[in-house]
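Quick notes on the structure that follows.
Every number here is computed from the coordinates shown, using simple stated rules; none is lab data. In this text, all values refer to a predicted model and were calculated from it rather than measured experimentally. Neighbour counts are summed over all protein chains in view; Cβ atoms, including those assigned to glycine, are modelled from backbone coordinates with ideal geometry.
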C-alpha cells in the first residue's frame with residue numbers, strides 16, 4: 001500500500017519485444033508490472049499489410065520505385081506511431097502503478113543489491129534485484145538508452161545498493 005508521500009520517480013520498459021514489463025521506481029519501492037511488450041500487434045499488422053502490398057505491386061514497377069514506396073511506407077508508419085505514442089503517454093500515478101499486473105515489488109529497505117549489466121553490441125543487458133525475502137529477480141534491458149535511464153533511477157532509489165558492470 002502506498003504512503004501518502006510516495007510518488008513515481010520514473011519508469012522504463014524491460015523484457016522482449018512481444019512480452020515485456022515495465023519497471024516503476026517510486027520514492028519508496030521498485031515495482032515491476034507485466035506489460036504487453038514494446039510492440040503492439042497493430043504495428044505488426046500494418047507492417048505486414050504494407051509489405052504484402054509492396055510484394056504484390058513490386059513486379060510491375062522498377063526497383064527504384066519499389067524502394068521509394070517501401071521507404072515512404074516505413075516513414076509514415078514510424079511517424080504515425082511515434083506521434084500517437086508520445087501524445088498518449090501520461091506520467092503514471094501510484095494508483096495506476098498499483099492497479100497493474102504486479103510481477104515483482106521491493107521496498108527501499110528490503111533491497112540487498114541491485115546489479116546492472118550494460119547491453120553490448122550483440123547481447124542485451126539486465127538488472128538483477130535481490131531482496132531480503134525473495135530469490136533474485138532478473139529482467140532484460142534491450143538498449144543503451146534504457147540502460148542509462150535504469151541506472152539513473154536505481155541510483156536515485158538507493159545508490160548504496162547499486163553495482164554496475166560492463167562500464168565503458
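The table for this structure:
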read-out	value
Förster-model FRET efficiency, 30 Å R0, residue 158 and residue 123, C-beta, rounded to 0.05	0.70
Prolate/oblate/rounded call for the stretch 58-168, Cα gyration tensor, a/c under 1.5 rounded	prolate
Where labels lie 7 Å past Cα in the beta-carbon direction, separation of residue 101 and residue 49 in nm	2.6 nm
Largest to smallest principal axis extent of the C-alpha atoms in the stretch 108-165, angstrom	34, 22, 14
63, 26 arranged by Cβ crowding within 10 Å, fewest neighbours leading	63, 26
Sorted by Cβ neighbour density within 10 Å, fewest at the top, the residues 154, 121	121, 154
Proxy reagent accessibility, fewest Cβ within 10 Å first, across 12, 137, 80, 60	60, 80, 137, 12
